[in-house]
1. Kindly provide the set of residues from region A:40-82 that are assigned to a strand (DSSP E or B) and within 26 Å of A:Val181 (Cα to Cα), ordered by number.
2. Identify all residues within region A:150-171 that are part of a helix (DSSP H, G or I) and more than 22 Å from A:Asp102 (Cβ to Cβ); write none if there are none.
3. Among the residues that make up region B:73-88, is at least one of them acidic (Asp, Glu) and either free of Cβ contacts under 8 Å to residues at least 40 places away in the same chain or within 17 Å of B:Leu135 (Cβ to Cβ) (or both)?
4. Go through region B:1-42 and count every residue that is of a type in the set (A, V, I, L, M), at pLDDT below 80 and assigned to a helix (DSSP H, G or I).
5. What do you reckon, is B:Ser144 crowded, with 17+ Cβ neighbours inside 10 Å, assigned to a helix (DSSP H, G or I) and in contact (Cβ under 8 Å) with a residue 12 or more places away in the chain?
6. Quick one: B:Leu137 ticks every box in (1) surrounded by 15 or more Cβ atoms within 10 Å (Cβ to Cβ); (2) within 23 Å of A:Asp42 (Cβ to Cβ); (3) out of contact with any His (no Cβ under 6 Å at 6 or more places or on another chain) bar one, so which box is it?
7. Quick check on this structure: which one of A:Val53, A:Val17 is at pLDDT below 75 and facing chain B (nearest Cβ under 9 Å)?
8. When you look at B:Ala55, is it more than 10 Å from every other protein chain (Cβ to nearest Cβ), without any contact (Cβ under 8 Å) to a residue 60 or more places away in the chain and touching a Leu at 6+ places or on another chain (Cβ under 8 Å), yes or no?
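The values are calculated or read from the model by the stated rules, or taken from the named source; none is laboratory data. Note that the structure is predicted; figures quoted are calculated from it, not measured. Because the Cβ atoms are built from the backbone with ideal geometry, glycine has one as well, and the counts that use them run over all protein chains shown.
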Amino acid sequence: MKKLLAVAGILLLAAGVALAAPASKSGSKSSADKWLHVRVEDGSGTDAETVHVNVPLSLAEAVIPAINVDNFKNGKVHVDMNGGNNHLQDVDIRKILTALRDTPDGNFVTVEGAGDNVQVAKQGGYLVAKVREGKAGGSKVDARIPFQVVEALLSGDDNELNIAAAVRALGEHGDGVLVTVDDEKSKVRIWVDSKNESQ
Amino acid sequence: MLNIFRSERGLSVPGGMLAAAGVGAILAGSYLYSQGLIRVSVQEKSPGGEHIRLAVPAAIVPLALAFVPAAEIGKHMPAEARQHLPMVEAALNELQRLPDCTLVQVDGPREHVRIRVEDGKMVVDVNDHEDEVHLALPLGSLRSVLAKLHRAVEFSPKDGDSELSGAWSHPGHHGGGHHDEECDVTREVDDDGSGSTESTAESL
């Protein structure tokens, strides 16, 4: 009888292993702290199409340095600033950025035209850009990028954009909306938060 | 009847063997269960369209891969695959750590796509006007595939060879003692006017 009990015990133990295996898997999952969300709503009515993309920044941080294609290597994109048709060749972006960082909050660029309004400003550690097209019902673009992210983006060598560092900086920054685009037909929203589902 | 499984001291030899077989079966079953199932379902929506369903224990993936020589995979491995292998590995490491979540969701008038991570599986659901496809792939099963591909990289054509053979190269055009011989064959055929070196390499 004792031996039968022992066999039954072993069988139960084996069954326990079977049940515990998936449970331990789910237990080992770590929470990806920050998620980058993209939501696109295109069209309206029955033709409406929505796209939701939710990417954990930890995934982006891990994958981006491993990309090794063309001018994207080691998490950095090589930009040919001195290219023939490149308008950036005469602009020292880093110097401009340093100057912006050291200046107090305020509007840097304001363009008010007949059709379009453009405003670039620094507000509370963010580089803020607003574009309004048309009078009413035109497209609206709002971008609010943390300065740390912009700095990280430009932290590589000359002619390089450090994407990996920018993603890391984004993860270290708080939650917030980065870009919204609203126009007659579509809406785009890009934001970072700690939820793994877009809302 | 149960007496044949019992001796005076307890379990008899057949009884012990049966118990051991039972434990082995349960352990094997628990391993298969823990590795999950690869599920594929493709349903064509056209009249008379086919419905293909496949459910394979993920545990057989490493077993099946054991029968495929790494050298053979490497010889046919495109340069792009070799290039992107570290990226896939990094992505897999992170995907395995994710909680259940939806990575991509597309809802349109004619198509619905959802890519999500669920219980350690990558689940892809596509439903458009032509087909309905469901795929569930345990992420753990991809690890053995990646390990095999890493071993295969050692046998893959080097960069210098890739321009000769294109993305899908022939085994004879990299490394090994037959290299020169193969090159001679290539030249001979080329001299015969059969076309470029590339086309010759493919014909071999």
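1. Within region A:40-82, A:Val40, A:Glu41, A:Asp42, A:Glu49, A:Thr50, A:Val51, A:His52, A:Val53, A:Asn54, A:Val55, A:Pro56, A:Val77 qualify.
2. A:Ile163, A:Ala164, A:Val167, A:Arg168, A:Leu170, A:Gly171
3. no
4. Number satisfying all stated conditions: 3.
5. yes
6. Here B:Leu137 clears every test but (2).
7. A:Val17
8. The answer is yes for B:Ala55.
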